[in-house]
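In what follows, a single structure is set out as structure tokens and then discussed.
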């Protein structure tokens, strides 16, 4: 890998993390009663997304939809099979309950994402149009309607939001 490609990967990771961090900051600003600060954080988050997408394209890492679905299945599978189990165990050993819960929720949901991506890949030319709902507590993602109770974290149906 060239140094420029390594720099693009590092920049993509940094911009992606900044996007998510600024969106979290925006939610906190709204909660704290600072709507203008929230708006600024959301604007900066959008700009970071523009940067991240540009870096990803420069890396040649955006392929056809089928290629992207295969990449997504691979990435999600790596996370739930290889990445998160060790993180969960270490957090447990260190007694860090919030980290253990966060990693455990993500681990369960990544497996579901891999399945949804594989289903989409398998049916790419005949995808059923469905709504997706995401649990705002753990990230559980489901098709059509949210369950009465989240199967991952136990939150009620009110915790789910529809993805537009």
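Nothing in this text is a laboratory measurement; each read-out follows from the coordinates by a stated rule. Here the structure is a predicted model, which means the values were calculated and not measured. Every residue, glycine as well, gets a Cβ built from its backbone with ideal geometry; the counts of neighbours run over all protein chains shown.
Quote the relative contact order of the chain in percent (integer), defining contacts as alpha-carbon pairs under 8 Å separated by 6+ residues. Mind showing how you got there, number by number?
Details: 178 pairs, mean separation 25.2, N = 164.
Answer for the chain is 15 percent.
Given N residues in the stretch 1-122, what is its alpha carbon radius of gyration divided by 2.2 N^0.38 Å?
Details: Rg = 17.3 Å, N = 122, 2.2 N^0.38 = 13.7 Å.
Compared with the compact-globule rule of thumb, the stretch 1-122 sits at 1.27.
Using per-residue counts of other Cβ atoms within 10 Å, averaged over each peptide, order 103-112, 88-97 from highest down. List each step's numbers first, then the result.
On the way: 103-112: 18.9, 88-97: 12.5.
Final packing ranking: 103-112, 88-97.
Using only alpha carbon positions, build the gyration tensor of the stretch 56-164, then give the equivalent ellipsoid semi-axes as the square roots of 5 times its eigenvalues, largest first, whole angstrom. List each step's numbers first, then the result.
Numbers: eigenvalues 134, 88, 23 Å².
After diagonalising the Cα gyration tensor, the semi-axes are 26, 21, 11 Å.
Ranked from highest to lowest mean number of other Cβ atoms within 10 Å per residue, what is the order of the peptides 126-137, 75-86?
Details: 126-137: 13.2, 75-86: 15.2.
In descending order of packing, they fall as 75-86, 126-137.
For the stretch 84-112 and the stretch 54-83, what is the separation of their Cα centres, given in Å?
22 Å
For the peptides 21-27, 56-62, what is the packing order when you average, over each peptide's residues, the other Cβ atoms within 10 Å and list the highest mean first?
Working: 21-27: 16.7, 56-62: 13.6.
So the peptides 21-27, 56-62, ranked by packing, come out 21-27, 56-62.
Given contacts defined as C-alpha pairs under 8 Å and at least six residues apart, what's the relative contact order of the stretch 3-58, whole-number percent? Present the calculation step by step, with values, prior to reporting the outcome.
Numbers: 50 pairs, mean separation 26.8, N = 56.
The normalised contact order for the stretch 3-58 reaches 48 percent.
If we count other beta carbons within 10 Å of each Cβ, what is the order of 150, 142, fewest first?
Values: 150 22, 142 18.
Lowest count first: 142, 150.
May I ask for log10 I(q)/I(0) of the stretch 64-127 at q = 0.11 Å⁻¹, from a Debye sum over the Cα atoms as equal point scatterers with solvent left out?
-0.31
Taking N as the number of residues in the stretch 101-164, what is its alpha-carbon radius of gyration divided by 2.2 N^0.38 Å?
Values: Rg = 12.1 Å, N = 64, 2.2 N^0.38 = 10.7 Å.
The stretch 101-164 yields a ratio of 1.14.
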